[in-house]
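Participant: Dumping the structure here so I can ask a few things about it.
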Amino acid sequence: MANSGSETTTNNADVVVVGAGPGGCVVSYLLAKSGVETVLVERHADLDREFRGYFFQPLVLRLFDKMDVLDDVRSLDHDEVRQPALTVFGRPFEVVDFSRLPKPYNYGILMEQPPLLRLLIDRADEFENFEFRPATTVTDLRSEGGKITGVRATNRERDEDVELSSRLVVGADGRYSTVRKAAGTDPGLFDSEVELLWFKLPADAVQSAAQGRIESDGIVLYFGLGKEDAQAGWFIEKGTYPEIRNRGIDALRRQVGAVEPTLARYLESFDQCSLLHIEPGLSEKWVDDGLLLLGDAAHVASPVGGQGNGLAIQDAVVAHSTIVNALEENGGSIPSERLRRFESIRRPAVEAVVHLQRRGERALSWYVLNHDSIPGWIGAPLARVLFSVAPKTPGFRRTWETFALGDSEISVDTGAFRS
Ligand SMILES: Cc1cc2nc3c(=O)[nH]c(=O)nc-3n(C[C@H](O)[C@H](O)[C@H](O)COP(=O)(O)OP(=O)(O)OC[C@H]3O[C@@H](n4cnc5c(N)ncnc54)[C@H](O)[C@@H]3O)c2cc1C
């Protein structure tokens, strides 16, 4: 491990959670509420940073309600999504209708993640057995006799090296997980032919809560994020961003404007843009002695269907009950066989979602790569027929219900709560 030459301090906890994303914050809050000595380590000093997925499926509302945070979440700035609008070659289509789902969880939520993550951390902080350590980057795992016994980290604000010893390390540190890498686990990445260029916009750039537009010049997705902000995503062929930058912002504005004229005037500079790689994956192994990976660290999410937050939060809920039960046995690192329940419940459910996403991704990639060569007189009528017929098929309905409702068997283990 790289050492800054400063002091190393050592602390103990039952569980060290690495990464304060949706997965890490939810599992930390649940463990804290269950009396487990929990330390949550986050490399950023604040929660306001690089891109995060902003859409939360109805399934998340159900789980938030069971863990007693839904009212607080709803008091944060958000947009409710009931019938996301999709325009295909100038014609509006109703593809998904959340309002038909069983009440009261019959809508999705669009919101900035930092206030949500802050709320979960504040709720966990109500318990003395919880500690949040921001500005602390995990650099390596500690191990003894082949079992993981904690993490090594650096606190950049105090220029201090820290060792945290624990019975379990939860790797919730996202798509580029250091914990996964230190454990020698292959992320199992799939290749993708497209990338997403993401723009930050003022709130009035977007008229409805969630929209997508497919035209002969490309595909744009755009989302309102409460009263202040909005975002738009523009699909591009993988590897072409340097070329797009070379052509200049006016050329990009013209291209986006050909699909959605109202957005174009808000696109002023490349400073508004971030490039998001779409490289989903399924790690080969999610548990080991003293280690559990969840969320993107276990399975890097594709943006198709807005699934990443929901998958990470469902993982956190199942991990919570698995960990609480496993900790009941005295001793050191939790053995992998006590953690297998987590993987045996979550892997098949995640694989089913990834399978559906891969299908959607293939259709999307084909269109992004070929739309220039499809004559308008074929493209427009074909697309309109497809979007009129496909949403009515049982296969399509099953897919979006799986995306919206998740694994309905999963429930929060409220019996483990101390308060
Ligand atoms: C283009 C795109 C659009 C998406 N849109 C959506 C959407 O609308 N809805 C949706 O549900 N999902 C979406 N997703 C996916 C979603 O963003 C992720 O699946 C979700 O954030 C995963 O949550 P997580 O808690 O596992 O990890 P993350 O949210 O990635 O959190 C990981 C945390 O770990 C921290 N960390 C990393 N390394 C270290 C370290 N060494 N030490 C300490 N801390 C560390 C990071 O700073 C971060 O805070 C999208 C993904 C992409 C690529």
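The values are calculated or read from the model by the stated rules, or taken from the named source; none is laboratory data. Quick caveat, the model's predicted, so the values are computed rather than measured. For neighbour counting, all protein chains shown are included, and Cβ atoms are generated from backbone atoms with ideal geometry for every residue, glycine included.
Participant: Given the condition in contact (Cβ under 8 Å) with a residue 40 or more places away in the chain, closer than 15 Å to GLY19 by Cβ, buried (at least 21 other Cβ atoms within 10 Å of the Cβ) and within 13 Å of the ligand (Cβ to nearest atom), answer yes or no: does some residue in the range 199-211 qualify?
Facilitator: Checked the range 199-211: no residue is in contact (Cβ under 8 Å) with a residue 40 or more places away in the chain, closer than 15 Å to GLY19 by Cβ, buried (at least 21 other Cβ atoms within 10 Å of the Cβ) and within 13 Å of the ligand (Cβ to nearest atom).
Participant: Restricting to the range 76-95, name every residue that is assigned to a loop (DSSP other than H, G, I, E, B) and small (Gly, Ala, Ser).
Facilitator: Taking the range 76-95 and keeping what is assigned to a loop (DSSP other than H, G, I, E, B), we get 76-78, 82-84, 89-90, 95.
Scanning the range 76-95 gives a single hit, GLY90.
Participant: How many residues are crowded, with 17+ Cβ neighbours inside 10 Å, farther than 18 Å from ASP68 by Cβ, more than 11 Å from the ligand (Cβ to nearest atom) and modelled with pLDDT of 95 or more if we restrict to the range 109-140?
Facilitator: 2
Participant: Looking at SER344, SER269, SER274, can you tell me which residue is of a type in the set (S, T, N, Q), within 16 Å of the ligand (Cβ to nearest atom) and surrounded by fewer than 24 Cβ atoms within 10 Å (Cβ to Cβ)?
Facilitator: Unique residue meeting the criteria: SER274.
Participant: Any residue in the range 92-105 that is without any contact (Cβ under 8 Å) to a residue 60 or more places away in the chain and of a type outside the set (A, V, I, L, M) sitting within a Cβ distance under 6 Å of a residue that is in a loop (DSSP other than H, G, I, E, B) and surrounded by 15 or more Cβ atoms within 10 Å (Cβ to Cβ)? List the pairs, counting only those 6 or more apart or interchain.
Facilitator: Hits for this filter: ASP97/GLN83; SER99/ARG82; SER99/ASN106.
Participant: Could you say which residue among ASP122, ASP97 is farther than 30 Å from ALA416 by Cβ and either within 23 Å of the chain's Cα centre (by Cα) or among the β-branched types (Val, Ile, Thr) (or both)? Step through it out loud before you land on a result.
Facilitator: Numbers: ASP122 fails: farther than 30 Å from ALA416 by Cβ.
Residue meeting the stated conditions: ASP97.
Participant: Scan VAL27, VAL73, VAL60, VAL36 and give me the residue that is more than 16 Å from MET111 (Cβ to Cβ) and either assigned to a helix (DSSP H, G or I) or modelled with pLDDT under 95 (or both). Walk me through it before giving the result.
Facilitator: Values: VAL73 fails: more than 16 Å from MET111 (Cβ to Cβ); VAL60 fails: more than 16 Å from MET111 (Cβ to Cβ); VAL36 fails: either assigned to a helix (DSSP H, G or I) or modelled with pLDDT under 95 (or both).
None of the other options fit; the residue is VAL27.
Participant: With the checklist (1) within 16 Å of the ligand (Cβ to nearest atom); (2) modelled with pLDDT of 95 or more in hand, flag the one item SER302 doesn't pass.
Facilitator: For SER302, the exception is condition (2).
Participant: Got a sec? Which of ASP315, ASP296, ASP288, ASP271 is over 21 Å from PRO348 (Cα atoms) and of a type in the set (Asp, Glu)? Let's see the steps before the verdict.
Facilitator: Working: ASP315 fails: over 21 Å from PRO348 (Cα atoms); ASP296 fails: over 21 Å from PRO348 (Cα atoms); ASP288 fails: over 21 Å from PRO348 (Cα atoms).
Only one candidate passes the filter, namely ASP271.
Participant: Can you tell me how many residues in the range 141-187 are more than 13 Å from the ligand (Cβ to nearest atom) and in contact with a Pro (Cβ under 9 Å, 6 or more places away or on another chain)?
Facilitator: 2
For (1) outside any helix (DSSP H, G or I); (2) of a type in the set (S, T, N, Q); (3) in contact with a His (Cβ under 8 Å, 6 or more places away or on another chain), each residue gets a yes or a no:
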{"position": "SER344", "(1), (2), (3)": "no, yes, no"}
{"position": "GLU351", "(1), (2), (3)": "no, no, no"}
{"position": "VAL354", "(1), (2), (3)": "no, no, yes"}
{"position": "GLU361", "(1), (2), (3)": "no, no, no"}
{"position": "TRP377", "(1), (2), (3)": "no, no, no"}
{"position": "ALA380", "(1), (2), (3)": "no, no, no"}
{"position": "ALA383", "(1), (2), (3)": "no, no, no"}
{"position": "VAL389", "(1), (2), (3)": "no, no, no"}
{"position": "TRP400", "(1), (2), (3)": "no, no, no"}
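Participant: Moving on to the next point. Could you please let me know if GLY257 is surrounded by fewer than 19 Cβ atoms within 10 Å (Cβ to Cβ), of a type in the set (Gly, Ala, Ser), more than 18 Å from the chain's Cα centre (by Cα) and over 30 Å from SER143 (Cβ atoms)?
Facilitator: Judged against the criteria, GLY257 is a match.
Participant: When you scan the range 180-191, do you find a residue that is modelled with pLDDT under 90, under 30 Å from ILE378 (Cβ atoms) and acidic (Asp, Glu), even just one?
Facilitator: For the range 180-191, residues modelled with pLDDT under 90, under 30 Å from ILE378 (Cβ atoms) and acidic (Asp, Glu): present.
Participant: Next question. Could you list, in sequence order, all residues of the range 384-397 that are surrounded by 12 or more Cβ atoms within 10 Å (Cβ to Cβ) and within 20 Å of GLN357 (Cα to Cα)?
Facilitator: Filtering the range 384-397 for residues surrounded by 12 or more Cβ atoms within 10 Å (Cβ to Cβ) gives 384, 386-388, 390-391, 396-397.
Within the range 384-397, LEU386, PHE387, ALA390, PRO391, PHE396, ARG397 meet the criteria.
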